[in-house]
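The values are calculated or read from the model by the stated rules, or taken from the named source; none is laboratory data. Predicted model only: the values in this text are computed from it and were never measured. Here the Cβ positions follow ideal geometry from the backbone for every residue, glycine too, while neighbour counts run over all protein chains shown. Just so you know, the surface numbers come from the protein's heavy atoms only, side chains and all, with ligands and any DNA or RNA stripped out. Shrake-Rupley method; radii C 1.70, N 1.55, O 1.52, S 1.80 Å.
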Amino acid sequence: MQAVQDKEDTVSSAAAAQTPTSDVGGLTPGSARLSGSRSLTLPRLSRSRREQLRRIPLRVAVRYVDPGRPRHVPATIQIEATSKCNLRCPTCSHARERRSGDDLSGDVLQSILDWLPFTPASVRLSGVGEPLLNPEFFSLTDILAERGIPCDFITNGTLLTSQAGDHILSRSGISRVIISCDGATKATFESCRLGARFESWKRLVGDFAAEAKQRRDGTFGLSMSTTISRANAGEIPQILLLAADLGFDRVSFVGLEAVDEVAASLRLSPAEMCMVREEELLDMAAALGIEVPGLKQSSWPRTIVRLSKKLRLPRCTQPWEGMFVRANGDVAPCNALFGSDRAGVMGSVFHESFWDVWLGERFREFRHTKVCGTNPLCRACG
């Protein structure tokens, strides 16, 4: 047990040494510890179990997670560029929201960055909506660049015109673009992405990928993100082939979050998810030269799932590791917590200090109920 603890302490010390010191209290994003925190104690584990543990986010929980209190400032910051969208995807509750949405302005972004007591290593300029709908989007990326903060963003790709592509590729501060794709055939794609046209999408994305390779090969990443549902589970190999054909370097397959009843009806059961052959997909991706992170949670080894339950450790550590700031200044643990019945608001940039939110009662209670397995919002994610 002592050897395991020494190993973890060594890793933590190395991470702290490589991370620049924050301006506030010597804290560093993702590594510094807050005073008064308690440690989680692991039982004696076999070597094979320890190796499995290190493969997944549980290792982050072991090193950093306290049932109610984080030991560092957020390692990841996501800021919503807009809550408006031009599509109505069945898997997203945004399609059933009636409000018009908000665009993030440059002044509000400046306020959010000033509100943070540290400089983020990077920012994801995405949330519930389509970032390229915000007319000030590229001004937002310029503000981040002026502060030395690289960014990436998620887009549905329907607005990725040659002009938008030129704006992206001419800005070195934009390090990666993640494009959503939920089908490899016209019928599946258009049923999952209501309002999009498959052939038009392929042309826009293909042209952008080719231009990116020509202008920023080696300095820019292009990812595809696929939400697995009942509609597209049979097309996962074809989606990989499509990604390779279009020029993507990474594909992420993620489980569907049951954000409401409609989305829940499209979600695969655990038994159905087990039929997704991850090892075969990884072999196929390797042959195509595409990086594929492991499928989320549902494909983790059963021993790990049992171990996490035994130790009462969360399989998702987002409430301890990340922060999501919406375009209107609301703060949430992650961007999955949206919709009329999924508020998940921990505070506001405009009404409370960073510390009052991050260490506040609402955030602490959220973390505590997540560890206890009684958090209704997190349960919907699986």
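Label separation (Arg147 vs Leu194): 3.7 nm, computed from points 7 Å beyond Cα along the C-beta direction. Taking square-rooted eigenvalues a ≥ b ≥ c of the alpha carbon gyration tensor, is segment 95-171 rounded, prolate or oblate, where a/c under 1.5 means rounded and, failing that, a/b exceeding b/c means prolate? Verdict is oblate for segment 95-171.
At full extension, Ser269 and Ala121 could sit 49.6 nm farther apart than now, given 0.36 nm per residue minus the alpha carbon distance.
Shown for segment 177-260: the carbon plus sulfur share of the solvent-accessible area, taken with all protein chains present and a 1.4 angstrom probe, equals 48%.
Net length available on complete extension from Thr161 to Gln238 is 25.2 nm, with 0.36 nm assigned per residue and the Cα-Cα distance removed.
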